[in-house]
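First the structure, in the form of C-alpha cells, and then the observations on it.
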Amino acid sequence: MTHGTAAEPAAGEAVLSLRGITKRFGSLVANEAVDLDVRRGEVVALLGENGAGKTTLMNILFGHYVADEGDVLVAGEGGDLQELDAGSPRAALAAGIGMVHQHFTLAENLSGFENIILGTQGLLDLSVSRRGARRKLEALMREAGLDVALDRQVSRLSVGEKQRIEILKALYRDARILVMDEPTAVLTPQEVERLFETLRRLTSGGLSVIFIAHKLSEVLAIADRIVVLRGGRKVGETARSVADRRLIAEMMVGRHVPTTRREPGRRGGVLLELRDVSSGEPSDRGALTEVSLAVAAGEIIGIAGVSGNGQSRLSALVAGLARPRGGVLRLFGSEVSHHDPRRFAAAGVARIPEDRHHDGIIGGMTVAENVVVEEIRAKDYSRWGFLRKKAIRSRAEAAIRGYDVRCQGPDAPARQLSGGNMQKLILARVLDRAPRLVLANQPTRGLDVGAQSEVHRRLLEARARGAGVLLISEDLDELLSLSDRVAVMHGGRLSEAIETERVGRTTLGLMMAGHGREEAA
Amino acid sequence: MIRFEPRPERNRLLRVAAPIGAAAAALVLAAIPLAFAGAPVLRAYALMFSGAFGSVFALTETLTRATPLILTGLAAVVAFRAKLWNIGLEGQLYAGALAAVAVGSGAIMAPAGVMVPLVLIAGFAAGALLMLGPALLKLKFGADEVVTTLLLNFVVILFVQMMLEGPLQDPMSMGWPQSAPVVDEAVLPPLVERMRLHSGLLVGLVAAAVVHVLFRHTVWGYEMRAVGENASAARYAGIPVSGTLVRVALISGGLAGLAGVGEVAGLKGYLTADLSPGFGYAGIVVAMLAALSPLGAVLAAVFVAAVFVGADSMSRAIGVSSYLADLVVALSLLCVLVGGFVTRYRIRRVTRHHATAGRERA
Amino acid sequence: MEILEILISANFWAAAIRIATPLIFGVLGALVCERAGVLNLGIEGIFVAGAMAGWLAVYLGLPLWAGVAIAAIVGGAFGLIHAGLTVPLGLSQHVSGIGVTMLATSLSYFVYRTALPNVSSPPRIVPFQPVDVPVLSDIPFLGPVLFSQTPLTWLAFAMVLVVAWLLYRTPLGLALRAVGDNPASVDAQGMSVTSLRIGAVVAGSALMGIGGAFLTMSAFDAFFFGMVNGRGWICIALTVFASWRPGKALLGAILFGAFDAFQVRLQTVIGSALPSQIFLMLPYVLSILALVLVARRADYPRALLQPWFQGQR
Amino acid sequence: QDGKIRVAGIYTVPVEQQWVSRIHKALNAAQERGDIEYVYSENVSNTDYERVMREYAEQGMDLVVGEAFSVERAARKVAAEYPDTAFLMGSSFPAQEPNLAVFDNYIHEPAYLTGMIAGEATESNVIGMVGGFAIPEVNRLMHAFMAGATEVNPEVRFLVSFINSWYDPPKAKEAAFAMVDRGADILYAERFGVADAARERGIKAIGNVIDTSGDYPGTILASAIWHMEPTIDKAIEAVKNDTFAAEDYGQYSYMSHGGGSLVADEELAPEGAVEAAKAKQEEILSGAFEVEVDDTEPKSTM
Ligand SMILES: Nc1ncnc2c1ncn2[C@@H]1O[C@H](COP(=O)(O)OP(=O)(O)OP(=O)(O)O)[C@@H](O)[C@H]1O
Ligand SMILES: Nc1ncnc2c1ncn2[C@@H]1O[C@H](COP(=O)(O)OP(=O)(O)OP(=O)(O)O)[C@@H](O)[C@H]1O
Ligand SMILES: [Mg+2]
Ligand SMILES: [Mg+2]
C-alpha cells in the first residue's frame, strides 16, 4: 500500500469529503446534491428508508457508479484532500477505502482466504504468495477478534462467516476508510456485539467508518454522528450524543412510525403440532433431531437461534418443502401425508420465506403474477388451464393498495421492487387469504424501520384474527416484542417454549449459545 | 470512459432503424470478401435481394427454408424460456422425421384426413420422447442437459442411418440408405402450385400462435416462465418444478420433431441421413435473435432463411464460391445481434459536471 | 478374449491419446472460457479456422511451429470477436458462439477456395512426425503409448499442466475462477471483469485453434472441408464431464479417445455381426453414461452465461 | 452464343471429394479445350439441391451435371419441368425421358484387378478396408476388390469398417491403424487417410478412384482409377449435336470405354501379379469375364 504512516491526518480532520453528489437513474434521482464529510477515527452512521439512496452514495464513493454531478475527495499522503478518480474501484482501494457491500461480493467457489487476497497481487505474478498473506491475516484476525475458517470454501460458510470474510477483505488492504453497508443484517446479536468491539478498537487506531444499518439500537451503540437520507437528499445530521430515537425514525421515514404493541390474546386450539420430528441427514449441519412444538390459534411462537442450527429445516417442514424422517407432523388436526407446498398453502398456511430474492419473488415476472403464484391453479385465477387475467389483475391492484406496495403498477417487473416492497408483496400474497397458520422466517431482515413496523403490524393483525404464527428470527427485539412464547433452537434441537414474560435477553442469548435453560437462568 | 446503460424505454424509431442498420452493416462487411473474390459488389446486393424476394419462386424458396427454422426456433424458445438448454434440436428433428416415415410410408393406410394428423402426431411424439431422456437424466442424476442433448444428436443420426440401411430402407432404393417415400395421403400438401412451399409452413405458424398463447394465457406457460425465471421461488410457491420441466422437454422436443415431419412429408418425400443442413443448431440462433418471443421466432426464421437463400443465389449468379453465402449469413447474424443491443442500451461517455462548476458554492 | 487383448495393447492406448489430443486442446480452451463465465460455442468453427490457417501457413512456406502459432493467433482472433460481443456488450453467448462458428467455418472455406481455386486433390504439407525419445520410447508399453507421439501431443499434455498451474497457483487463476463465479467479487477488489473475461476467451480460443491445427499438421497433412466433424461439440460436452478441471479434462478426452479407438477396433473384431453404426455410437453413448455417473450439480461456474455490466444491477 | 455450351455442376460435397473430383476434372478439361463454359456449386445440401437445379435451369444452362443419389425425386421433377435442359446425373436408377441421363462409377472391373494384386501381395492374408459410408457406390467396389483377391488367394480374410464421414482423414487413419494392429498388411484406401496409415506403418495400400501414388511413393501397389472424360465428352457432344437423350451413361465408366483403368506399380507388386491382372483385364475387355456388381454392405470375414 502506498499509504505510509508518515503524515496521517490527525483525529478530527476530514479524511473523506463527498461534495454535491447527484446521481440519476433515468428519471429517478437516487442522490441529490449530497454532501458528507468523514473525519479520522469517526463512525458516521448513514440512515434512511429502503431506497433512500444510501447504497448508491456508497457505490459512487467506491467507484461502482459514476456520479452525474459532484466530487469525491479523499485525504492523500500529506493529509490534504485530493479528488478521487471516478468510476474506479481500483482507485478507491488504492486511496485506502474499503467497502463491505450490502450483498456479498464473494466468489463462492474459492476459500475465504483466496477471496481476501484476490486482487492484492500483480496479476502476472507467477505464484500466489500465501505465506506472507497468511501471517498478516492471522494477526489481523487476532487483533480484530474476527474468527473464520479461512480455508473452507465460501459456499459452505454461514452468512455470519461470510460477513466476517467481507470485513477482513477490507481490513486486509489497510483500509483507512471503511464503508459497511448493512453489515449487521445477517449477524446474530453476539456477532454484532463483537463486531462493534472490533470497530471501536480499530477507530481508536484511526480508522474512519461509514456504517449503514436499519436498527436504531445498533446505530446508537456505535455511531459518533448520524446522517439521514430521504429520497436521495440529506435531510438531517446529528451527533449521537444528542440523538433522539423517535425523531431519527421520523426523519428517515418522513412520518410518525407507530410502535407495535402486543395486546393480550386468546389462545385457541392447536393448529400445528410437531412431535419428535427428525428431518435431514443426521450428519448434516442444520438437520433436526426430535423436535416437538405446538402452535395454537391466536398466538405467536417465536423461534430464536443462531442461523444454521436447524431453523431452515424447520421452516422447510412447515412450508411443505421437506418431509420428516421420523416423528409426526400434524396440521390443523390431521397428520400430513402429502408434503407439498401447494397443498400447505391451499390448506391455509401462509409462508413467508427467509430469502425473499431467492425463494420469495420471481424477479422476471410481473408484480401481478407474483401475487397469485401460489393460487394460479385455483379456479379464481384460471379456468381450463387458461389464465383469468382480469381476475389476476384486480387481485393485484387490491394487494398493491391494501399493502401499500410501492411499484409502477401490477405490470412492473417484480425485480424492480426494493426489499421492503418485495416483502410487502409477499405479505399481500400470503396474508390476504386469511390463513390459519403463518410461517414467518426472518420477515424483517434488511427492512427499514417503517417497513419493519408494517410487517409487525400485519403479523399481530393475523394473530388478532385468530391465526397462529410461527416466527423464526434472529432479532431478539423482534422476538421479544411479538411472541407470546419463545423457544430456542440449537444444534437441531428445540427447547421448550417459554412465556416471553419469563425470559430475558440474556437468558435467550445463553440458550442460543447452547446452554440449557436451567444453566442459563 | 464509455459505459452502457439500459434505455429507460424502448425507442420506437430505433426499433425500426436498428434492424435496418444491422442489415446495412452486414452488407458493408460482406463487401470485403465479395471484393476479395473480384465480384461486382453493388450488383451482388441487388442479386441477393432478388434471390430472396424477387419472384414467386424466390419468395417461396425463402419460406420453404424458413419452415423448419420456425419450428426448431420455437422448440428452442420453449426450452430456453424455462432455462432448459436443449441443444439437441437436430437429433429431435431427425427423430420426428424417422417417425414420420415409419408411420407414413406405407405401414398404415388411411385417407389424408387421418394420415396427415397421424404423421404430425408421430413426429411430435418421437421428438418429445427423445427429449424426455435428457430431462429425466437432469432431474434424477443432475446430468447436464447441454451435454446429453448435444451427444444424443450424434447418436440419433447414426440410429437413423442404421434404420435406413435396415428395417426402414426402401426396397426400391437400389441399395441407397433411404426410406420408402411417404404415401400420397401422408404428404403435407403444397401451398403454391409448382413450388416447393408446403403446408409445413402452416404447421409452423400455428405452432407459433399456440406457443404464444401458451406463454401469455395459460397456466402451463405461466409455470414454465416461473421455473425459468426463478426455479427455487417457483418450488417454494408450490409450482411442480420437475413436472413443468418434463412438460417443457416434451413440447420442445415435439416441436423440433414436427420440423422433421415437415422436411420429409412436406418437402422431400422420403428420409435420408443428410436431411437437415443444421436446422437444429440454427433454431437456437433463431430463438435467441427473437429474444425468445414465439412470434418473433417466425420473423427471425424468415430473416435467416432469406439471407441464406438470397446470398446463395447471388453467389451462383455472379460465379463466386458458394461458401460466400454462409459467410454472409454469419455476418448478418452477428450484425443483427449487435443491432438488438443498440435498441436496448445506450452508450454513454462518462463525463462529469464538477460540483464547483455545477453549483454556486459559498 | 480379443476384446481384452485390444484393451491391453500399447497401440490401442497410443491411438486413444492421438485421438484425444485435439480434444485436450479443445476442452482446455472451453474450460478456460467457461471458468471465466463465457460459454464459447464458437469452438467448432475455431477448430476449422485453426486447422485451415495453420495448414495454409505451412503450405505457403512457414515452418511448422510458425503454423501452430498462426493457428493460435487466428483462434484467438475469433475468440476476440466472441468476447467483444458477449463481454462488454453482454450479448447472447449462444447466438454469438454459433455465429462465430458459422463465420469461422465459412471464412475458412472461402479463403481456402479462393486461395486454391483449382485443386482436385488437397495439397499436402510435411506434418509433425512422431518423435521417438531415445530411452523413454523403449520402455515397454508406456514407451509406445506416450513417447512415440508428435510434439503437439506433448504440447497438449504440457498445456494441461500449464492451465492447471495457472488456475490453481497464480493470482491470475484466482481472479479467473472468481470472475466466473461472481464477477462482483473481482470488481469489488479493483480488477476489471471485462479484461479478465476477454483475456480468458481469447486465450481459450487460441488453445482451440491449436487443437484444430493438430488435425491438419499432425493427425493428417492436408485440409479438408468438414474434417472437424463435430469434435468441437464433443469438447463442450467433455468440459462439463470434466467439471471444469484440467486434470479431469485430460482424463475425459483420453476416455473419449479410448472409446473411439475401441470402437474402430471392435468393428474389426465383431463387425460382421452388427451394423457399423452401433460401434460409431459407442463413444457418445458411453460419454453420456459416464456423465450420469459423475454428474454433480455443484461445480458449475455460477456466472456462466451471465453478462455483467459495471454500474448496473 | 459463341458455340460453347454452358455447363453447370451441382455437387453435394466439396470438389476435393474423390468421386466428385473426377467429374470436376473432366469438366475443367472440357472448359480448357474451349468446348464449354463451366460453373459449379459445391457442398450443396440436399435441401437446397432442387433450388440450385432450378436456378441453373432458369439461367439457361445447356447441361447440368450432378449427383442425384439422395435427391432422386427432386432431380427428376426438375428435369421434367425443364425439358430443354440436358441433365446428366449420377444415379443408381434408370434414365428418365426425355432429358435426364444417368451415370455411375462402374469401376468394379479395375477394382477387381487391384484385388487380384492385393491377394497375391498379402503375406498375413489379412486385408483391411476402410470406407466412408456403406452406400452402393462404395460397396460395389469393395465387393469387386474382395472377389478379385479371393480369386487368387482363397485364404485371404477381410476387415471392413466405415467411419461415417466422407471427410475425416484423421479418423480414417485411425480406423486403418486399428486394422494394421489386427494383422492387416494391405489396406484398401477408399478414403483419404488410409494410405497415410499404410505409409506410416510401412505396408502397402490399394488406391481407389484417383491415382495417389505420387503422394505416397512406395506405398500404393495398384489403383482402380475412374475416368469421367468419356462420359462427360459424350454428353457434351450429344448436347452440341442436339441428340442428348435419356440414356444410361454408366457404360462409359467401364474399362472398355476407357472409363476405368488399372494403375499398378510393378516394382512393388509381387512377381507375376501384375501380369495376371493384365491378363484378366484382357478377358474383361474381350467380354470373356464379367465382374459381378454387388451393392450390399460388405462385412468383415474374420
Ligand atoms: N443500478 C441502478 N439502476 C437503476 N436504479 C437504481 C440503481 N441503483 C439504485 N437505483 C435506484 O436508486 C434508489 C436508491 O437505491 P439504494 O440502493 O441506494 O437505496 P438504499 O438506501 O441503499 O436502500 P436499502 O436500505 O434498501 O439498501 C432506488 O430507488 C433505486 O431505484
Ligand atoms: N434492476 C433494477 N432496475 C431498477 N431498479 C432496481 C433494480 N434493482 C433494484 N432496483 C431498485 O433498487 C431499490 C433498492 O433495492 P435494493 O435492491 O437495495 O433493495 P434490497 O437490497 O432488496 O433491500 P434490503 O436489502 O434493504 O431488503 C428499489 O427501490 C428498486 O426499485
Ligand atoms: Mg442499500
Ligand atoms: Mg437494500
Legend entry - Those residues of the stretch D:1-37 which are open to solvent by less than 20 Å² (accessible area, probe 1.4 Å) and outside any helix (DSSP H, G or I), in sequence order: D:I5, D:V7, D:A8, D:G9, D:I10, D:Y11, D:V13, D:P14, D:V15, D:E16, D:Q17, D:I36
Inset, instruction - Being of a type outside the set (D, E, K, R), touching a helix residue (DSSP H, G or I) at 6+ places or on another chain (Cβ under 8 Å) and more than 12 Å from ligand 1 (Cβ to nearest atom) is the filter here, so list the residues in the stretch A:29-60 that pass it. - result: A:L36, A:G41, A:V43, A:A45
Legend entry - Single residue of A:S283, A:S292 found to be within 23 Å of A:G265 (Cβ to Cβ) and open to solvent by 50 Å² or more (accessible area, probe 1.4 Å): A:S292
Inset, instruction - Only residues in the stretch A:101-114 that are under 19 Å from A:L61 (Cβ atoms) and modelled with pLDDT under 95 count as the first member; pair them with residues that are open to solvent by less than 10 Å² (accessible area, probe 1.4 Å) and within 14 Å of ligand 4 (Cβ to nearest atom), Cβ under 8 angstrom, at least 6 apart or cross-chain, and list the lot. - result: A:H101/A:D181; A:Q102/A:D181; A:Q102/A:I212
Legend entry - Spans of helices (runs of 4 or more DSSP H) in the stretch B:1-101 with at least 3 residues closer than 23 Å to B:L275 by Cα and of a type outside the set (K, R): B:56-81
Inset, instruction - Hand me the list of helices (runs of 4 or more DSSP H) wholly inside the stretch A:1-120 holding 2 or more residues that are within 16 Å of ligand 4 (Cβ to nearest atom). - result: A:54-62
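Per-residue answers, yes or no, for (1) within 14 Å of another protein chain (Cβ to nearest Cβ); (2) of a type in the set (V, I, T); (3) in contact with a His (Cβ under 7 Å, 6 or more places away or on another chain):
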{"residue": "A:E250", "(1), (2), (3)": "no, no, yes"}
{"residue": "A:V253", "(1), (2), (3)": "no, yes, no"}
{"residue": "A:A296", "(1), (2), (3)": "no, no, no"}
{"residue": "A:G302", "(1), (2), (3)": "no, no, no"}
{"residue": "A:G305", "(1), (2), (3)": "no, no, yes"}
Legend entry - Given (1) without any contact (Cβ under 8 Å) to a residue 60 or more places away in the chain; (2) part of a loop (DSSP other than H, G, I, E, B); (3) of a type in the set (D, E, K, R), number of the condition C:R113 does not satisfy: (2)
Inset, instruction - With the condition kept exactly as written, say whether any residue in the stretch A:112-121 is over 30 Å from the mean Cα position of the chain (by Cα) and open to solvent by 30 Å² or more (accessible area, probe 1.4 Å). - result: yes
Legend entry - Residue in the stretch A:364-381 that is farther than 18 Å from B:V241 by Cβ, in contact with a strand residue (DSSP E or B) (Cβ under 8 Å, 6 or more places away or on another chain) and within 10 Å of chain B (Cβ to nearest Cβ) present: yes
Legend entry - Checklist (1) over 18 Å from B:Y94 (Cβ atoms); (2) facing another protein chain (nearest Cβ under 10 Å); (3) part of a helix (DSSP H, G or I); (4) open to solvent by 10 Å² or more (accessible area, probe 1.4 Å) applied to B:V285, failing item: (4)
Inset, instruction - With the checklist (1) at pLDDT 95 or above; (2) over 21 Å from the mean Cα position of the chain (by Cα); (3) closer than 20 Å to C:I278 by Cα; (4) not β-branched (V, I, T) in hand, flag the one item B:G91 doesn't pass. - result: (2)
Legend entry - Flag if A:V438 is part of a loop (DSSP other than H, G, I, E, B), more than 16 Å from ligand 3 (Cβ to nearest atom) and not polar (S, T, N, Q): no
Inset, instruction - Out of the residues in the stretch A:424-441 that are of a type in the set (D, E, K, R) and surrounded by fewer than 24 Cβ atoms within 10 Å (Cβ to Cβ), state the one that is modelled with the highest pLDDT. - result: A:R436
Inset, instruction - With the condition kept exactly as written, say whether any residue in the stretch D:74-87 is among the polar types (S, T, N, Q) and at pLDDT 90 or above. - result: yes
Legend entry - Failed item, numbered, when D:I135 is tested on (1) within 14 Å of chain B (Cβ to nearest Cβ); (2) in contact with a His (Cβ under 6 Å, 6 or more places away or on another chain): (2)
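Conditions tested, residue by residue: (1) modelled with pLDDT of 90 or more; (2) within 30 Å of A:R393 (Cα to Cα); (3) within 16 Å of ligand 2 (Cβ to nearest atom); (4) assigned by TED's automatic domain parsing to the domain that holds A:A316.
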| position | (1), (2), (3), (4) |
| --- | --- |
| A:A412 | yes, yes, yes, no |
| A:G446 | no, yes, yes, yes |
| A:R457 | yes, yes, no, yes |
| A:G466 | yes, yes, no, yes |
| A:V469 | yes, yes, no, yes |
| A:L480 | yes, no, no, yes |
| A:V488 | yes, no, no, yes |
Legend entry - Residue count for the stretch C:143-160, restricted to those that are touching a residue at least 60 places away in the same chain (Cβ under 8 Å) and loosely packed, with under 13 Cβ neighbours inside 10 Å: 0
Inset, instruction - Only helices (runs of 4 or more DSSP H) wholly contained in the stretch A:442-521 count here; list those with 2 or more residues that are open to solvent by 10 Å² or more (accessible area, probe 1.4 Å) and among the charged types (D, E, K, R). - result: A:449-464, A:517-520
Legend entry - Pick from the stretch A:169-217, criterion within 16 Å of ligand 4 (Cβ to nearest atom) and not aliphatic (A, V, I, L, M), ranking: farthest from the other protein chains (Cβ to nearest Cβ): A:K215
Inset, instruction - Might you check whether a residue that is in the same structural domain as A:S155 (by TED's automatic domain parsing), open to solvent by less than 10 Å² (accessible area, probe 1.4 Å) and within 16 Å of ligand 3 (Cβ to nearest atom) occurs anywhere in the stretch A:68-87? - result: no
Inset, instruction - Please specify each residue of the stretch A:433-453 satisfying the condition of being touching a Phe, Trp or Tyr at 6+ places or on another chain (Cβ under 8 Å) and not basic (K, R). - result: A:L437
Legend entry - The listed residue being closer than 23 Å to C:G67 by Cα, at the interface with chain A (Cβ under 10 Å from one of its Cβ atoms) and either of a type outside the set (D, E) or outside any helix (DSSP H, G or I) (or both), out of C:G204, C:G190, C:G180, C:G199: C:G199
Inset, instruction - Select from the stretch A:414-445 the residues that are away from ligand 1 (no atom under 12 Å from the Cβ) and under 27 Å from A:G53 (Cβ atoms) and list them in ascending order. - result: A:A414, A:K424, A:L425, A:I426, A:L427, A:A428, A:Q442, A:P443, A:T444
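Out of everything in the stretch A:31-53 that is open to solvent by 10 Å² or more (accessible area, probe 1.4 Å) and within 16 Å of ligand 2 (Cβ to nearest atom), what residue ends up being nearest to the chain's Cα centre (by Cα)?
Here the residue is A:N50.
The values are calculated or read from the model by the stated rules, or taken from the named source; none is laboratory data. Since the structure is predicted, the reported quantities are computational estimates derived from the model, not experimental observations. All Cβ positions, glycine included, derive from the backbone under ideal geometry; neighbour counts span all protein chains shown. Quick note on the areas: whole protein, heavy atoms, side chains included, nothing else; ligands and nucleic acids left out. Shrake-Rupley method; radii C 1.70, N 1.55, O 1.52, S 1.80 Å.
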